[in-house]
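S.K.: Can you keep this structure in mind? I'll have questions shortly.
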């Protein structure tokens, strides 16, 4: 990617995350990137085009990271409870690892009515839905290995995400505000999930 385009995207991520979509001006992004306003318009047709580029790039990076985390923890299971807890804790750690992306998620949720539905749909497809597809695949894989007992892997994936990730992400506003005992929330979420989906003994 050309150096100036990369600088614009990085600057836009910073400014959008700090100021939000509506309040951010192209002038502010140009100043942050140390480029002219004209240079930005040479690469992006308008502010929304730049915003969409930034949020899709972040969503793709996070989804790819989630896939790598899943492969690392779920490819070879030694102890299903311990491995699911370790997997979930590393997923939660992505709130800090990708802090600039989650700042944009806060913007998306706060300003959804000011963002075109097509942009929101593209982001949902690249990020949240892709992550759920990854989890759904692994739920099927763990079931095929006899480690879990799941009839509807999509429902199970959504539940797992809710009790082991969203349960921490939402009260922390996606990593912005610390809370007491996030690790315990994750452990309790995994144990509750396994109460439903462990095979009969």
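What follows draws every value from the coordinates through simple rules; no lab data is involved. Predicted model only: the values in this text are computed from it and were never measured. Cβ coordinates were reconstructed from backbone atoms using ideal geometry, including for glycine residues, and neighbour counts include every protein chain displayed.
S.K.: In the range 172-196, how many are within 18 Å of residue 90 (Cα to Cα) and either in contact (Cβ under 8 Å) with a residue 24 or more places away in the chain or surrounded by 12 or more Cβ atoms within 10 Å (Cβ to Cβ) (or both)?
M.R.: Here the count works out to 15.
Matching residues to (1) under 23 Å from residue 12 (Cβ atoms); (2) within 23 Å of the chain's Cα centre (by Cα); (3) without any contact (Cβ under 8 Å) to a residue 12 or more places away in the chain; (4) surrounded by 14 or more Cβ atoms within 10 Å (Cβ to Cβ):
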site	(1), (2), (3), (4)
36	yes, no, yes, no
42	yes, no, yes, no
50	yes, yes, no, yes
70	no, yes, no, yes
79	no, no, yes, no
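S.K.: Just checking, which of 12, 30, 59, 65 is free of Cβ contacts under 8 Å to residues at least 40 places away in the same chain, crowded, with 16+ Cβ neighbours inside 10 Å and under 19 Å from residue 103 (Cβ atoms)? If you could, list the steps in order and put the result at the bottom.
M.R.: Values: 12 fails: free of Cβ contacts under 8 Å to residues at least 40 places away in the same chain; 30 fails: under 19 Å from residue 103 (Cβ atoms); 59 fails: free of Cβ contacts under 8 Å to residues at least 40 places away in the same chain.
Answer to the selection: 65.
S.K.: Given the options 90, 57, name the one that is part of a helix (DSSP H, G or I) and farther than 28 Å from residue 118 by Cα. Don't jump to the end; show me each part of the working.
M.R.: Working: 57 fails: farther than 28 Å from residue 118 by Cα.
From the options 90, 57, the qualifying one is 90.
S.K.: Right, next: Test each condition in (1) farther than 26 Å from residue 17 by Cβ; (2) in a helix (DSSP H, G or I) for residue 148 and report the one that comes out false.
M.R.: (2)
Residues checked against (1) at positive phi; (2) within 12 Å of the chain's Cα centre (by Cα); (3) touching a residue at least 60 places away in the same chain (Cβ under 8 Å):
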| site | (1), (2), (3) |
| --- | --- |
| 91 | no, yes, yes |
| 102 | no, yes, yes |
| 116 | no, no, yes |
| 143 | no, no, no |
| 147 | no, no, yes |
| 154 | no, no, no |
| 158 | no, no, no |
| 167 | no, no, no |
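S.K.: Kindly evaluate residue 24 against the criterion of being part of a loop (DSSP other than H, G, I, E, B) and either exposed (fewer than 14 other Cβ atoms within 10 Å of the Cβ) or on the phi > 0 side of the Ramachandran plot (or both). If you could, list the steps in order and put the result at the bottom.
M.R.: Working: part of a loop (DSSP other than H, G, I, E, B): yes; either exposed (fewer than 14 other Cβ atoms within 10 Å of the Cβ) or on the phi > 0 side of the Ramachandran plot (or both): no.
So residue 24 fails the test.
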